[in-house]
1. Quick one: which residues, 5+ away or cross-chain, put their amide H under 5 Å from the amide H of Arg222? H built at 1.01 Å from N.
2. List, in order, the whole-Hz ³J(HN,Hα) value for each residue of segment 154-168 obtained from phi through the Karplus relation with A = 6.51, B = -1.76, C = 1.60 and θ = phi - 60°; use x for Gly and Pro.
3. Where the centroid of each part is defined by its Cα atoms, how far is segment 37-93 from segment 188-235 in Å?
4. For a quick check: with amide H placed at 1.01 Å from N, whose amide H comes under 5 Å from Gly260's, ignoring anything fewer than 5 positions away on the same chain?
5. Just for the Cα atoms in segment 91-167, what are the lengths along the principal axes, largest first, rounded to whole Å?
6. Let me know the volume per residue of the alpha-carbon convex hull for segment 72-126, in Å³.
7. Taking the number of other C-beta atoms within 10 Å as the exposure measure, put Ser113, Ser159 in order starting with the fewest.
8. May I ask you to list the lysines whose Cα is less than 22 Å away from that of Lys185, ignoring any residue fewer than eight positions away on the same chain?
Amino acid sequence: MRQCRNIGAALLLAAGVFVWGSDPNLADAGHPWPFPENPLIAIPGGAFVFGADDGEENEKPRQTIEIPGFTVNRTEITNAEYRRFVVEGQGRASNFDRHPELGKDDRPVVGVSWDDADAFCRFYGLKLPTEQQFERAARGATGRKYAWGDAPATPDRVSRGSETCCGPDAADGFPATAPVGSFPKGNTPEGVADLTGNVWEWMDGWYNPYGTPPAAEDKTYRVLRGGAWNSDDWKLRTTYRLAYRGDFRYAANGGFRCVGP
């Protein structure tokens, strides 16, 4: 089993987390969503394929489950969007806020903890996606391998890394993060961008084997999904689960997006 559950340098290498270089105050939920360039896209409810039997042990079992409909941001949250929240919601700046590349306005915000991401979503009356919501948005109802389908993860479809984990690769035109929405060929049929690649995305809930009763949950690790700009094919799959400490905010390849009803 190749689960990423260790912390420290060994986990950073194995998981592909790439390091360069007051907690947010939760405001009352319900502030109007101020980012028309990043709308919430509707994902229909119903039955869909969740999990995989041909991946890691922590992706099993493959099963068909039901989920209510929901909405999800078209793109990952950008630096410009997050900076507005820092001012209006009294959150803390990302760890790479002033980085000359990672901190550009149109790049996905990185260097944020799970609490930072959760605070952003809640400020606007939203929340982080559950793993089930992420998989439904990313792989559709029938179980796509990647957000666009089962075709290979080529540089014209995704911000990805080298063939061997976990190095950067500029073949897609960007040495690290790409401007959100740069790869329309990699969009889902509903038009959601970058659910595969660019940056890992924080999920709601705790990392546990599927089917763990709530009373028995281990609340040590959070989950990230989707792969990043330095991920290989294996980690770009829609079912891949990355376990990581929620208080870590130094990853140059970890961000998030929000979901709503």
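1. Tyr207, Tyr244, Arg245, Gly246
2. 7, x, 8, 10, 7, 7, 9, x, 6, 5, 9, 4, 9, x, x
3. 9
4. Under 5 Å from the amide H of Gly260 lie the amide H atoms of Thr71, Val72, each far enough along the sequence or on another chain.
5. 39, 31, 21
6. 70
7. So the residues, fewest neighbours to most, are Ser113, Ser159.
8. Output for Lys185: Lys145, Lys235.
Bear in mind that the values in this text are calculations on the coordinates, not laboratory data. In this text the structure is predicted, and so the values were computed from the model without any measurement. All Cβ positions, even for glycine, are placed from backbone atoms using ideal geometry, and neighbour counts span all protein chains on display.
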